[in-house]
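The structure appears below as structure tokens.
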Amino acid sequence: MAARWRQWLRDRLSTSRRFNRDLDVELRAHLDHRTEDLVRQGLPRDDVRERALREFGGVERYKELVRDERTGAGLQALAQGSVADLRLAGRRLRHTPVFTIFAVLSLAIGLAVTTSAYALVASLFWKPLPVRDPDRLAMIVRPASAGRMTWRSVMSPAEFADVAGAQRSFATLQATFPFQAPMDDGIRTEITEAEAVTGGYFETLGLEPALGRLIGAADDRAGAAAVAVLSSRFWRARFGEDPEVLGQLIRISEQPFTIVGVVSGAFEGLDVVDPIGTTVWIPVSAAERLPSRPARLERQSRRLSAFGRLATERNSTAASAEVETIAGQLDAADPLKPADESAPAARRWSVRPMSDALRPPEDVGSRLGWLTVIPIVAVLLVACTNLANLMLARGADRANELAVRRALGGSRARLVREMLAEGVLIAVAGAAGAWLLTHAMLVAMSMELPVSAGRLLTLRPMLDGTTLVVAATLLAGSVLIFGLLPALRSTRSDPRPGLATAGLTIAGRRNPWGPIRWQVATAVAFFLVAAITARVVIDQARHDSGIDLDRLALGVVHFDRQLGWDDSSARRTIDAILSEARRQPGIERVAAATGMPFGQTMTPFASVTTPDKPFREGVRSSFAYAIASTPSLFDTIGVSLDRGRLFDHRDVAGTQAVAVVSEAAARELFGSLDVIGREIMLQVWARPPVLAATVIGVVRDTDVQFVRSRRSGVVYLPLSQYYHPMLDLVARTSGEPEEAIPILRRAVRQVDSTVPVLTAGTGPQVLAGNYVLLRVVTALVIVLGGLTLVLAMVGLYGILSQVTTWRMREFGVRMALGATAGRLRRMALAQGFRPVIVGLVIGLGGGTLLRAALRAYLNAPIDLIDPLALVFVPIPFMVAASLACYLPARRASRVDPNVALRDL
Amino acid sequence: MSPATSLLPGTLDMLILKALSLGERHGYGVLLRLQQMTGGAMTFEQGAVYPALYRLKRKRLVVTRWGTSENNRRARYYSLSADGRKQLRDETHSWNRLVGIMADALNRQPGEV
């Protein structure tokens, strides 16, 4: 077959060559004739040739015109023929509405679901960095845990000033300080992601304003007005792209900022890992004015990130060397004081290209994105196999007709073109349907979801060109290739075999069961693989964090010292709030604490040690979270006591300083759990004063700092002995925690309406990190998995019923020969089931192999065999197969044998 | 002699058909015939006959063969096919009719309208 194509190509090419050669000869003959005529008329030989050419007009031009006539004619014929083909194809498709609808729907759904699901996943996990010339941007990084480098919290403002002044490798060095703070936009207050940036930040990144202006050098001076720039997404979601937003005031940590502009495009800060991007940018000089910790950028706190555009002819390696030198110089002049684990002994800075520095860590979080792509691919491939089988079946249907037409002398090209026209129409209709569906789905998936700590995740998936092209190519390819295949096969030179056996063959082969097996196998295999994602996601959702997340409601209150609150007035108010809240129906228990073991970024940490290993410079001490709370905390969040006792009303200011530690803390400090009565010393925020306390109890471990992380211990102190102005109110509810949130707010307001509730949410929302992300992904995966199954079932039904219909004649003959209707139905069922069962077995085996491969590649905890999937998956296929075989068989068995025989 | 007139589009094809009706010719020969037929009053570049000839050949109004010319050059000879003859007859008839009507209409005196 390939030889034939080559020959055809050669013929076409040689025809062109011959044509051009002949034309050449002809025109040259003309010119020669003319020349001779002119010579005979007596003109001088030299002028004659020129004159002949002039009279002719441009020789090459006329050659082109002749060639144009040739191709133009060809195209014209093709166009006319094509229009006729398409019209005919349209009519044929209308006559078989079931097939057409199945095919168009498979294509439309496959394409729409694939592209919009991928858009959603990409918008959550893989965010672009739309900056100018990213290859010339580099960041200063420092070592973080587990041998990785991080760009976060690299230096302090003082260090930044030193480095910026001394360095030469960067044309410009900028700093940014990402933080979270409550933002009041006039409508509501919630905690948002913000960045405090130096004056050249936007310019270095090459960003433009969509509205107004961006932060510039003039804004980053002491005494400059407090201005703010918004992200496009926030402007769209909260202000509806209203240009009047310029000049409006927003309050960040209750400080007023004037909105001066909106960033254009999809830029949401440099942190491409966080699905919630930066909402607002303010100048660094303004951030230093923010009152509340940790937003306050203190001179020595090392919370800045630094990046810059490399000077021409410098690369990041050279920059790295220079920065390391500067770091060494700084260490010599102003050595660091290592007080705790989070402060290193020396400044270990280096420079990396920005794309490297920002790459997300290889954890399950970012893996989740890839895992979610698998079910998307499954849907796409099942849709493709559906289409392929549909087109093959249709081809087989027409095998008879095509054979007859060939026998009567019809040209092969013509017949192939007809089949192609059908494929094109289906592809176009499917694409149109996909267009509508995709837009509808993208709109449906654009929403705002509450995420941890009361932030809002704005989902706004954007269509990705690459996905669209890939998916469309695969699907259209399936339609066209599998539409053409039977046409090409059945229009082969010798039409007789087609005539004889038409109706029992698919694509020229006698065995129609092959495609069925194949369809079932691929769908099952991919479903098994998609089940991996479902499992991972469900596991993540079901993880036991050590506290009773699902029945908690939280609110954060801030007794701002600048507003006149002090220790005693705050305590009185807290007690009043707690008793008020306790009285409400629906709230079982309530407590106040300075933080939670995980999920709250503002929980204080402390360096802890024992009296025999006092704090000393250069000596590492242990690191734990330090939570001061009312005694009811443990009960409220569900942390149980292992030994000793919890603090209670006896432990007040003035009595012995006590502490309750978690198991991990006990083991880290003392090496055992037998620590009741031992002394510990701690420095909250790793700074003096040193506090001493006696351990009176040990509680069970919880996740610490993040969900699933249990690296540190927790030390609990009585709130009566330690105080902090920002407190979490935690309530355990008997009903839905959602309903407890307004109750908490009301309790606070009733006691004192001036106390703001900064963040409020349910346990999972506030504490469980990418909880909502998981939910979105879970929902997506379930929908995709279901769709895969439905598509596969539909495809299976289509082709099986088609095959059974073909066998009507055979059934008629059998009945004429004495078979009973019941026997026929049973036979149809059995024969139909066999390929399905075989397909199931192949699919289950193949799927298990794929799972094994994925497990090795992704290094994720995937079970080789998922019993639930194994049991559940075959069911829809069996159901579809039963219906597909039984119903047509019943119809066939009702046919009068005489009618069937007549058809022979 | 009246000033040289340029061809109306489509008329070249008709003229070529007529030229060939008087016998088989190669491209240059067709051109000479055309000049004879029009008495030199029509101007067109000589090369223009070739796209027209190809068109006629595509429409199967003329057929071609390769031969040797009077001065021993290899040249392509064109002759009318049966369809070509018919086409010439029909088009001449239509043309004459059209010309007659147009001349009549354009030459009417004011009083006759």
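The values are calculated or read from the model by the stated rules, or taken from the named source; none is laboratory data. These numbers were taken from a predicted model, which means no experiment stands behind them. Neighbour counts are summed over all protein chains in view; Cβ atoms, including those assigned to glycine, are modelled from backbone coordinates with ideal geometry.
Condition check ((1) within 27 Å of residue A:478 (Cβ to Cβ); (2) surrounded by 21 or more Cβ atoms within 10 Å (Cβ to Cβ)) across all residues:
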site: A:837; (1), (2): yes, no
site: A:844; (1), (2): yes, no
site: A:847; (1), (2): yes, yes
site: A:855; (1), (2): no, no
site: A:866; (1), (2): no, no
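Residue B:108 meets each of the listed conditions (1) within 13 Å of another protein chain (Cβ to nearest Cβ); (2) charged (D, E, K, R); (3) assigned to a loop (DSSP other than H, G, I, E, B) apart from (1). Test residue A:39 against the stated conditions and say whether it is of a type outside the set (S, T, N, Q) and more than 9 Å from every other protein chain (Cβ to nearest Cβ). In short, yes.
In the set (1) within 13 Å of chain B (Cβ to nearest Cβ); (2) of a type in the set (A, V, I, L, M, F, W, C); (3) over 30 Å from residue A:418 (Cβ atoms), the condition left unmet by residue A:77 is number (3).
The combined condition, being more than 14 Å from chain B (Cβ to nearest Cβ) and touching a Pro at 6+ places or on another chain (Cβ under 7 Å), is fulfilled by residue A:120. Selection of first residues in the stretch A:236-261 that are closer than 21 Å to residue A:219 by Cβ and of second residues that are part of a helix (DSSP H, G or I) and aromatic (Phe, Trp, Tyr), restricted to Cβ pairs under 7 Å at least 6 apart or on distinct chains, gives the following pairs, ordered by first then second residue: A:245/A:235; A:245/A:239. Residue count for the stretch A:276-314, restricted to those that are surrounded by 15 or more Cβ atoms within 10 Å (Cβ to Cβ), modelled with pLDDT under 85 and over 30 Å from residue A:561 (Cβ atoms): 2. Among the residues of the stretch A:577-598, those that are more than 12 Å from residue A:744 (Cα to Cα) and outside any strand (DSSP E or B) comprise A:594, A:595, A:596, A:597. Answer with yes or no whether residue A:515 is in contact with a helix residue (DSSP H, G or I) (Cβ under 6 Å, 6 or more places away or on another chain) and either surrounded by 23 or more Cβ atoms within 10 Å (Cβ to Cβ) or modelled with pLDDT under 65 (or both). Yes: the conditions hold for residue A:515.
One residue stands out among those in the stretch B:46-83 that are under 15 Å from the mean Cα position of the chain (by Cα) and closer than 13 Å to residue B:29 by Cα: the one that is surrounded by the fewest Cβ atoms within 10 Å (Cβ to Cβ), which is B:79. In the condition set (1) outside any loop (DSSP other than H, G, I, E, B); (2) surrounded by fewer than 20 Cβ atoms within 10 Å (Cβ to Cβ), residue A:649 is compliant with all but (1).
Contact map, the stretch A:315-337: residues that are free of Cβ contacts under 8 Å to residues at least 12 places away in the same chain paired with residues that are part of a loop (DSSP other than H, G, I, E, B) and surrounded by 14 or more Cβ atoms within 10 Å (Cβ to Cβ), Cβ distance under 7 Å, separation 6+ or inter-chain. Pairs shown: A:336/A:347.
Note on the stretch A:687-701: residues that are closer than 18 Å to residue A:609 by Cβ, of a type in the set (Gly, Ala, Ser) and crowded, with 19+ Cβ neighbours inside 10 Å amount to 1.
Only one of the listed residues (A:52, A:89, A:3) is farther than 30 Å from residue A:390 by Cβ, away from chain B (no Cβ under 14 Å), at pLDDT below 90 and part of a helix (DSSP H, G or I). That residue is A:3. Considering (1) among the small types (Gly, Ala, Ser); (2) closer than 15 Å to residue A:894 by Cβ; (3) in contact (Cβ under 8 Å) with a residue 24 or more places away in the chain, the lone condition that residue A:847 does not fulfil carries the number (2). Filtered by the rule that a residue be small (Gly, Ala, Ser) and in contact (Cβ under 8 Å) with a residue 40 or more places away in the chain, the stretch A:547-588 gives A:553, A:555, A:570, A:576, A:581, A:586. Residues that are touching a His at 6+ places or on another chain (Cβ under 9 Å) and surrounded by 14 or more Cβ atoms within 10 Å (Cβ to Cβ) do occur in the stretch A:596-607.
Kindly indicate the residue of the stretch A:20-36 that is facing another protein chain (nearest Cβ under 10 Å) and in contact (Cβ under 8 Å) with a residue 24 or more places away in the chain and also surrounded by the most Cβ atoms within 10 Å (Cβ to Cβ) among those meeting that condition. Among those residues, the one meeting the criterion is A:30. Scanning the stretch A:55-69 for residues that are in contact (Cβ under 8 Å) with a residue 24 or more places away in the chain and at the interface with chain B (Cβ under 7 Å from one of its Cβ atoms) returns A:56, A:59, A:62, A:66.
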